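The block underneath contains the structure these notes are about, expressed in structure tokens.
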Amino acid sequence: MENNIKHMPTTNTQKQFFSLAPITIMLACSVFMLVYSVFQMLEINTVMLEAVEDLEHTTKIHSSIYRGITKRSNALLMLIETAENKSKAEKFVQTIENAKKTLLNDQLLCVHNKVTPINKIFVQQANMLDLYSSIEKEVLDLALQGKRKSALSLYSTRLLAHKEATLNQIITGSNFIRANSNKKIKAISDKVFYRILFYSFFNILLLGFSLYFSVQIFKKYISNNKRLISSTRVDLLTNLSNRLHLLEEINEQLTNYPHRSFAVAFIDIDYFKSINDIYGHALADSLLIDFGEKLSNQLKGLDYCLARFGGDEFVLLLKNINKHTIDTIMSDITKTVNTTYHPKEGKEIWLSSSIGVSLYPDDATSIEMLLHNSDLAMYQAKQDGRSCYRLFSSKLKSAIQAENDISLRLQTSLSNKENIFLVYQPLLNTKLHNVTDCEALLRWNDPKLGEIGPDTFISIAEKTNLIKAVNYFVIDEVCNQQVQWRKEGKKIIRVNINVAGNQKIFTASLKRLIGNIQKLKLAPSLFGIEITEHSLFEITPDTVNLLKTVNNMGIKISVDDFGTGYSSLLYLSKLPLTTLKIDKEFITNICNQEKDDTIILSIIKLGQALGLDIVAEGVETQRQYEYLKAHSCNVIQGYLFSKPVDANQLEYIDSSTFLKKKSNILIA
Ligand code: C2E
Ligand code: CA
Ligand code: CA
């Protein structure tokens with residue numbers, strides 16, 4: 001599950017840094033490259049300028065040498081020819097001296113401009129110029145001495161040859177300087193080229209990184225956005241779909257594939273509220289997550305949408321499912337999810353769920369009705385003992401409608417106190433031969449529906465929370481009856497009241513009873529309460545304390561229908577109980593079913609060991625009575641002794657006349 005991945009917490013600044021870093025690096029690199037390129041250009045430019053200057057100045061010296069030597073050799077030749085003409089000779093000597101001076105100046109200028117490419121070519125060039133000057137001087141001396149022939153011979157043999165060689169040397173020098181400059185420029189451009197290549201590579205690398213990071217950031221942005229969008233369709237606790245998404249999915253099925261059948265299953269975890277109360281929200285939450293995961297795993301391979309509808313309710317849409325396949329799938333699901341869970345180390349919790357299923361198009365054709373019908377089927381599953389699934393049917397629907405009708409009418413009767421009243425069934429103490437207790441039992445005679453048994457309307461009242469009103473009605477009636485008997489000076493008889501409902505209703509009802517007792521100044525010993533084992537299952541520490549208070553006041557506490565529910569020995573030791581009432585099922589089977597006899601005897605022994613009274617209810621036959629008496633069960637309740645009767649008949653039942661009439665019981 002993606003949600004399970006633990007994310008490092010990232011602060012906003014960190015996020016900003018990560019998103020800006022590649023761009024910043026890219027920008028910095030580009031700026032660096034730009035500056036670097038400009039500097040490299042400037043460097044190339046400088047080197048080129050230097051080279052050009054070198055070339056220019058060298059060319060200047062060379063052309064100066066070239067022109068000077070030519071001028072000087074021409075002047076020298078003219079001098080040899082006209083040496084006897086003194087003034088002419090002086091003019092030529094002057095020309096030679098001037099040319100020398102110009103060359104010297106040009107050389108100085110070049111030196112001043114730092115063009116001093118010193119190497120052997122230039123040394124050789126200087127030597128040759130020196131040699132030329134000395135030969136020139138020799139020729140000049142001979143010419144001035146009038147040795148014309150020798151001068152001419154020296155001139156034409158050595159000086160001219162040397163002039164030629166010097167001029168060649170100059171050309172070589174120029175070529176050298178040109179080559180040297182080219183070499184310099186090439187070296188610098190190569191250097192720049194490789195550097196630019198390196199930085200470009202570096203830049204491309206960075207660009208790659210930047211692109212990679214940008215793509216990552218973009219992807220994250222997209223997925224964040226997607227999550228944001230999908231979070232409106234996801235249940236944040238379980239990561240399953242939420243109500244909205246499920247409704248959309250059902251709607252899509254109805255509009256796009258109206259000819260395909262599908263199923264909608266309403267799944268409600270049993271007793272989840274108690275789990276929440278007992279273990280706390282954190283553990284309950286992790287149970288919900290586990291439950292969702294288990295369910296999703298079971299659905300692998302099916303086309304489905306599973307949503308948490310809120311609290312402990314899940315709704316499952318199974319696409320392409322029909323009435324022939326639904327049973328197998330649902331029984332597999334029920335088997336898988338109704339199991340032991342381990343929400344944390346060392347904790348084992350049994351979870352079961354009640355599931356109701358409705359099918360499209362057989363059961364309904366609209367979202368509302370599909371959900372409504374699967375909800376009804378789920379309630380049926382709860383009623384049938386939970387931990388199972390039920391398919392919706394029209395029979396179920398009419399049964400539920402009938403229940404609704406009963407519930408509404410019962411509510412009216414209770415609030416108007418009409419057609420509803422109490423009868424009292426006495427409990428006979430077979431040892432003392434008297435009646436000290438009776439049980440208040442409700443009767444309801446609806447004008448339209450007729451007489452409806454409490455077994456029917458009590459279970460309906462329990463489902464609709466109307467049971468609170470029932471409890472209050474009975475408690476108030478019994479208290480009023482006790483007041484009435486007190487007024488009439490009748491014999492004191494304890495009335496046992498059946499208190500049903502969940503833990504909250506149960507607590508409220510007990511408080512109501514205590515309040516009434518105090519208000520009406522009645523003796524608490526006039527009252528007893530009967531709780532079924534089923535209610536005990538939900539009892540919490542607070543309720544235990546309340547029961548202790550009730551017990552300390554002197555109100556009797558009986559466990560009703562003992563042996564049929566979650567017979568936990570734990571509550572027998574923890575709760576302040578006074579009586580165990582053996583369920584009438586066991587009594588009916590006395591001497592018929594060996595196993596039931598064993599259970600009865602065990603209950604009697606258990607009660608005796610714990611110091612509890614034992615009451616056998618539903619005693620109908622003499623045989624049952626004798627069996628119970630023989631095994632020290634001394635209080636009996638049943639038709640054999642008396643059916644439930646009106647309040648004013650109780651006195652008669654306790655009278656010696658009646659007891660004599662029932663002498664068969666008493667004699668036995
Ligand atoms: P329960 O608390 O186990 O009450 C005993 C039931 O057994 C009563 O049925 C009583 O009439 C019946 N009974 C007594 N002796 C015999 C017998 O010898 N043979 C047979 N076959 N039945 C016998 P009832 O009055 O129909 O009540 C049925 C159930 O409805 C009660 O079972 C109790 O769970 C519930 N109930 C009745 N009145 C009230 C009430 O005022 N409040 C609550 N919360 N539940 C009530
Ligand atoms: Ca009872
Ligand atoms: Ca009972």
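Where a number appears in this text, it was derived from the coordinates with a stated rule and is not lab data. Predicted, not measured: the structure shown is a model, and the values here were computed from it. In this analysis, Cβ positions are derived from the backbone assuming ideal geometry, glycine residues included, and neighbour counts consider all displayed protein chains.
Quick look at the numbers
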read-out	value
0 to 90° range, to nearest 10: angle between helix 281-298 axis and the chain longest Cα axis	80
Reach of Lys417 by Cα under 23 Å, taken over lysines that are not fewer than 8 positions away in the same chain	Lys448, Lys463, Lys468, Lys487, Lys511, Lys519
Total charge dipole magnitude, the chain, about the Cα centre, Cβ charges on Lys, Arg, Asp, Glu only, Debye to nearest 20	3520
Shape category assigned to the range 533-660 from the gyration tensor of Cα positions, a/c cut at 1.5	oblate
Relative contact order of the range 423-537, defined on C-alpha pairs under 8 angstrom at six or more residues apart (%)	25
Distant-in-sequence amide H partners of Asn434 (H built 1.01 Å from N, under 5 Å)	Asn429
DSSP bridge pairs, the chain: antiparallel proportion in percent, nearest 5	60
Excluding exposed DSSP-loop chymotrypsin sites (Phe, Trp or Tyr not before Pro) (at most 14 other C-beta within 10 Å), longest clean stretch of the chain	1-536
With Cα atoms, 0 to 90° folded angle of helix 454-463 axis to the chain main axis	20
Derived scalar couplings ³J(HN,Hα) [the range 490-502; Karplus, 6.51 cos²θ - 1.76 cosθ + 1.60; whole Hz; x for Gly, Pro]	7, 5, 6, 9, 7, 10, 8, 9, 7, 10, 10, x, 6
For Thr334, Thr46, Thr588, order by how many other beta-carbon atoms lie within 10 Å, fewest first	Thr46, Thr588, Thr334
Under 15 Å from the Cα of Lys186 - aspartates and glutamates, other chains or at least 8 residues apart	Glu43, Glu50
Global geometry of the range 413-667, whether rounded, prolate or oblate, following the gyration tensor of its Cα atoms and the 1.5 cut on a/c	rounded
Phi-based couplings in Hz for the range 356-363 (Karplus 6.51, -1.76, 1.60; Gly and Pro marked x)	x, 10, 10, 10, 9, x, 4, 8
Whole-angstrom Cα spans of the chain along principal axes, big to small	197, 58, 48
Packing-based exposure ordering (other Cβ within 10 Å, fewest first) of Glu594, Glu248	Glu594, Glu248
Cα-based Kirkwood hydrodynamic radius, the range 179-237, one decimal, Å	15.5
Calculated over the range 243-392: convex hull of Cα atoms, volume per residue (Å³)	101
The range 364-444, relative contact order in percent, only Cα pairs under 8 angstrom and at least six apart counted	17
The range 512-561 - Kirkwood radius from inverse mean 1/r over Cα pairs (Å)	11.5
With Cα atoms, 0 to 90° folded angle of helix 541-553 axis to the chain main axis	20
For the range 243-392: lysine pairs under 17 Å (alpha-carbon distance), excluding those fewer than 8 apart on one chain	6
Hydrodynamic radius (Kirkwood) for the range 258-340, which is based on Cα pairs only, to one decimal in Å	13.7
Prolate/oblate/rounded label for the range 384-464 (Cα gyration tensor, a/c 1.5)	oblate
Point-to-point label distance, Leu610-Gln411, nm (Cα→Cβ direction, 7 Å offset)	3.7
Contact order normalised by residue count of the range 112-207, Cα under 8 Å, 6+ apart, percent	29
Sequence-distant lysines (8 or more away, or on other chains) whose Cα lies within less than 25 Å of Lys219	Lys6, Lys15
Backbone HN-Hα couplings from phi across the range 408-422 [Karplus 6.51/-1.76/1.60, Hz, Gly and Pro as x]	5, 5, 5, 4, 4, 4, 5, 6, 8, 6, 10, 6, 10, 7, 9
For a label point 7 Å along the Cα-to-beta-carbon line of Ser459, residues of the range 407-431 with backbone N under 18 Å	407-408, 410
Modelled label reach - Asn251, point 7 Å along Cα→Cβ, the range 351-393 residues with backbone N closer than 18 Å	365-372
